[in-house]
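Here the structure is laid out as structure tokens; the discussion comes afterwards.
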Amino acid sequence: MADDKSIRPSVTDALALALVATSDAPILLLDGDFCVVAASASFSRGFQIDPATTNGRSLFALGAGEWDVPQLRSLLKVTLLGDADVESYEMDLKRPNLGPRRLVMKAHRLAYGEAASPRLVLTVSDVTEARLAAKLKDDLLREKAILYQELQHRVANSLQIIASVLMQSARRVPSGETRGYLFDAHSRVMSVATLQQQLVASRVGEVPLRTYFTELCQSIAASMIQNRETMRLHVQADESVATADVSVSLGLIVTELVINALKHAFPGDRGGDIEVSYKGDGKDWTLAVTDDGVGVPASFRAGLGTSIVEALARQLGAHVVVADAKPGARVSIVSRAPETGAPSAPISADRQPNGAV
């Protein structure tokens, strides 16, 4: 009976040949001189090589010699010596009169123990279309980013134009009541413009709220506070951040509450302070606007400001609380995790005794 070691190479060759013959992937079985022992049909078909002329030829002589790449030679030699395997070698296969193909190659040495004839299994994957698709996707994403940036610039310019038209109209109109409405509209447009600029500037998907509220209040003050020495608007906020969607809602709430305080808390030429504060602790957070003005009248009509604030608070899963700040008033938007108790019913946030905003 023949020695097991003497028959092991032939058995292994038979298994390797069977693997190559039945493979749907482009595979080559190479000997120690890098000559083709067997090639899968998909290899011959995919790279347009006549299978009748493949066996026995050097890998580097296939086709028009396009496989003769120095780095590939070096990697296969290292693999043949058993020092390393080629796991993911990429190369461009350049064939005459045909476009280049991007290939990913893997090579493994078949272990024959003490056998004298080494074998290499070389697997070839054509990833040309996949690479082109990835490049196309990247190009489309870059183009989308450019178009989005251009859109943001156009939106910002449009908001500035609208605000300018409203301000000019407010200065020309003879009716004091109409002038007040136009000033309110101007303030809201400028606030939206500030929101838009802040959100565009945020590149990480999260908005730092302290910076966000500070710039928003600076914009409101610039358009609505004539005397900065007697009327002061400032921000006290922790290091909390929020997503863009939540930031928009919080910003609109701040805008409405600050405008409401400026209109109604300080009648005549009275001065004072308005503070926007925010404190977050996990899912629990509180946004508050506090003033030291005349406080909330005993009777007032709920207007547009109330509807906006309450609707935005509901979207955020929060509720509105109005309290006496002694002096002045504090309007808080409070959100608590469900396990801490159900939120109380919303309370109107306007303070207008003679009409709605």
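The values are calculated or read from the model by the stated rules, or taken from the named source; none is laboratory data. Here the structure is a predicted model, which means the values were calculated and not measured. Please note: Cβ atoms are built from the backbone with ideal geometry, for glycine as well, and neighbour counts cover all protein chains shown. What goes into the accessible areas is simple: the full protein's heavy atoms, side chains included, and nothing from ligands, DNA or RNA. Shrake-Rupley method; radii C 1.70, N 1.55, O 1.52, S 1.80 Å.
What to note about this one:
- Beta carbons closer than 9 Å, at least 6 apart along the sequence or on distinct chains, pair a first residue in region 72-95 that is among the hydroxyl-bearing types (Ser, Thr, Tyr) with a second that is part of a helix (DSSP H, G or I) and exposed (fewer than 11 other Cβ atoms within 10 Å of the Cβ) for TYR89/GLN71.
- Residue in region 66-83 that is over 23 Å from ALA14 (Cα atoms), hydrophobic (A, V, I, L, M, F, W, C) and touching a Ser or Thr at 6+ places or on another chain (Cβ under 7 Å) present: no
- Residue in region 205-215 that is farther than 27 Å from ASP292 by Cβ, of a type in the set (Lys, Arg) and open to solvent by 80 Å² or more (accessible area, probe 1.4 Å) present: no
- Looking only at region 200-221, residues that are modelled with pLDDT under 80 and among the hydrophobic types (A, V, I, L, M, F, W, C) come to 3 in all.
- The listed residues are THR230, THR214, and the only one of them that is in contact with a Gly (Cβ under 7 Å, 6 or more places away or on another chain), β-branched (Val, Ile, Thr) and farther than 20 Å from GLY282 by Cα turns out to be THR230.
- Close pairs from region 127-151: first farther than 28 Å from VAL104 by Cβ, partner open to solvent by less than 100 Å² (accessible area, probe 1.4 Å) and in a helix (DSSP H, G or I), Cβ under 8 Å, at least 6 apart: GLN149/VAL200
- The single residue among VAL36, VAL20 that is at pLDDT below 85 and open to solvent by less than 30 Å² (accessible area, probe 1.4 Å) turns out to be VAL20.
- Region 262-280, subset under 15 Å from ILE333 (Cβ atoms) and charged (D, E, K, R), residue most open to solvent (accessible area, probe 1.4 Å): LYS279
- Qualifying residue in region 44-61 (condition: farther than 24 Å from THR22 by Cα, open to solvent by 30 Å² or more (accessible area, probe 1.4 Å) and of a type in the set (S, T, N, Q)): no
- Region 306-356 - residue that is in a helix (DSSP H, G or I) and open to solvent by less than 40 Å² (accessible area, probe 1.4 Å) and, of those, modelled with the lowest pLDDT: THR306
- Flag if ALA130 is open to solvent by 50 Å² or more (accessible area, probe 1.4 Å), among the small types (Gly, Ala, Ser) and modelled with pLDDT of 85 or more: yes
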